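Before any comments, here is the structure.
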Amino acid sequence: MKHVIGVDLGTSSVKVLLVNQKGNVVHEVTKSYPLIQKQSGYSEQDPNQWVEKTVEALSELVNIYNPTNIEGISFSGQMHGLVVLDKDGYLLRNAILWNDTRTTEQCEQINTVVGKEKLLEITKNVALEGFTLPKLLWVKQYEPEIFEKTNVFLLPKDYLRYRMTGAIQMDYSDAAGTLLLNIAEKSWSLEICELLGINPRICPSLVESSDFVGTITKEFAEKTGLSEQTKVFAGGADNACGAIGAGILSEGKTLCSIGTSGVVLSYEESEKRDFDGTVHYFNHGKESAYYTMGVTLAAGYSLSWFKQTFAKDENFDDFLQGMENIPVGSNGLLFTPYIVGERTPYPDANIRGSFIGVDSSHTRNHFIRAVIEGITFSQNESIEIFRSSGKTIDTVVSIGGGAKNKTWLQIQADIFNAKIVKLASEQGPGMGAAMLAAYGCGWFHSLDECAEKFLEAADVYEPITENVEKYRELFTIYQNVYKQTKEMNESLKQFRK
């Protein structure tokens, strides 16, 4: 039987999935790599680590399975990260990642020079620290010698694919997160480039996520054991691939994804719906489609931070044990997950998290449940924005860390006041990448057909009316925390290192 590989290049690790023609994950390998955080607000990685760990993962997989049966490979990648290469294709510096918040000054420059309305008209998004363009302008301003040598910029998975094939491209779904793409016209905005002094020649060629972009080089084949005939397809942004891997491929379908960051994503037929920049609007990995998306910057990261700080040596199952016995609202304890700033609905790099209502009766389990409820409240901000625009959201497919715990799934159903669907085989963006490869190899006539074959629901969680009402009251209180703590966090900024 033929197989494809989905490579999910995440923030903390790369996950490689081997998937057969029935949509079954035959084998999975994960390899971790570190963040580089030189100071508060900085987040970088060495792109060579992405390549090295992917090679290790692929080699491990090929040692078990016959590489001649692996027909294609595609990618999902962490969005927005800036990788800059010189004219010989060599790295000029570490990658600046999506969760790096050093670029507030550059966002202000974009708003001043391009104008907020013009930027929104062209890119359908507002200038935020996480996007690629502010990072590029930061390099231009503070590392001019590197900017002068820059021959092309790439996003993380595009660099990995370049090292595998020797070819340089960027797909539309990832390019939409740079703030340089005219998403309606599917072309780089020469107007934005000219206004900001960026030579458009450093923007790579654009392709569809399912496009065939080459085969594996002899050198990469020798390192991994893969066949040089393995077909390589462009792949997409992690959220676009997460949508594909969850079957969010038609109007009315919505996704809740909890990884390091958290996403609520809804399918759009066109770019014409207007959210006035309150949520992101990106090109889908499916051709001629779009999606709107709200982001919680520190979703799963808030929970892993809490565990790492207070229960470092426990596994996650033991850590969460007992949370189900804590009542709705954690006995009056609220958490806001702004520990690295926030994206939706507050594009604020300076805001920081809070525990509100701490009482001497609270146990560790109260804090754990409060963290999970706070993450879900943050995602509900996006749900409410979608609903206020007229979208109906009554069913949500849940993937990622939030879909691995039954209590958390019920919390999502109750806070979102929607039916929550858990997939039988939940592999998120990695499965989306594998589906792009399967479609690209011609196994299916469309991604929709592929989804029908590969995906099925396992469990459904219905909202509990009593809990819905309690959470509705708590959500109103939660929304006040940002307003009440914004000024205090601005004052505390001077004390952060």
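Taken together, the values in this text are just the output of simple stated rules run on the coordinates, not laboratory data. Predicted model only: the values in this text are computed from it and were never measured. Note that we place each Cβ from the backbone using ideal geometry, even for glycine, and neighbour counts take in every protein chain shown.
Straight-line reach only, C-alpha to C-alpha below 12 angstrom: list the aspartates and glutamates that residue 223 could link to, leaving out same-chain residues fewer than 8 apart.
Answer for residue 223, where 12 Å is the Cα cut-off: 52, 56, 60, listed by chain and number.
Tell me which GluC sites (Glu not before Pro) from the range 105-203 have a DSSP coil assignment and no more than 12 other beta carbons within 10 Å of their own. Numbers along the way, then the final one.
On the way: sites: 105, 108, 117, 121, 129, 145, 148, 185, 191, 194; in loops: 129, 185.
Listed in order of number, the matching sites are 185.
Run down the lysines and flag those whose C-alpha is under 17 Å from the C-alpha of residue 186, throwing out any fewer than 8 positions away in its chain.
The reachable lysines, counting only those whose Cα sits under 17 Å from residue 186, are 118, 124, 272, 286.
Of the listed values (i) 48; (ii) 57; (iii) 54, grab the one calculated as percent of Cα pairs over 29 Å apart from the structure here.
(i)
About the Cα centre of the chain, what is the dipole size in debye to 20, counting +1 per Lys and Arg Cβ and -1 per Asp and Glu Cβ, all else neutral?
620 debye
If you take every DSSP beta bridge fully contained in the range 3-239, what fraction is antiparallel? Give it as a percent rounded to 5. Each step should come with its number before you reach the end.
On the way: 27 of 40 bridges.
So the antiparallel bridges in the range 3-239 amount to around 70 percent.
For the range 3-239, what number results from the quotient of the Cα radius of gyration and 2.2 N^0.38 Å?
1.02
If r is the Cβ-Cβ distance from residue 394 to residue 274 and R0 is 22 Å, what FRET efficiency results, to the nearest 0.05?
Details: r = 23 Å, r/R0 = 1.03.
The formula returns an efficiency of 0.45 here.
Just how large is the dipole of the range 124-241 about the Cα centre, in debye to the nearest 20, putting +1 at every Lys and Arg Cβ and -1 at every Asp and Glu Cβ? Mind showing how you got there, number by number?
On the way: 12 positive and 16 negative charges, 36 e Å.
Roughly 180 debye, rounded to the nearest 20.
Could you calculate the contour length gain from residue 321 to residue 38, that is, 0.36 nm times the residue separation minus the distance between their Cα atoms, to one decimal place in nm? Intermediate values should be presented prior to the final figure.
Numbers: separation 283, 0.36 × 283 = 101.88 nm, distance 3.50 nm.
Result: 98.4 nm gained on full extension.
So what's the gap between the Cα centers of the range 449-497 and the range 297-359, to the nearest angstrom?
Going from one Cα centre to the other spans 11 Å.
Less than 29 Å apart at the alpha-carbon level, and either on another chain or at least 8 residues along: which lysines does that give for residue 312?
Leaving aside lysines fewer than 8 places away in the same chain, those within reach of residue 312 are 15, 31, 38, 53, 404, 406, 422, 493, 497.
Among 131, 115, 215, whose Cα sits farthest toward the positive end of the charge dipole of the range 3-239 (+1 at Cβ of Lys/Arg, -1 at Cβ of Asp/Glu, about the Cα centre)?
Comparing the listed Cα positions along the dipole, 215 ranks first.
Relative contact order of the range 341-393: what whole-number percent is it, with Cα pairs under 8 angstrom and at least 6 residues apart? Present the calculation step by step, with values, prior to reporting the outcome.
On the way: 20 pairs, mean separation 15.1, N = 53.
Relative contact order of the range 341-393: 28 percent.
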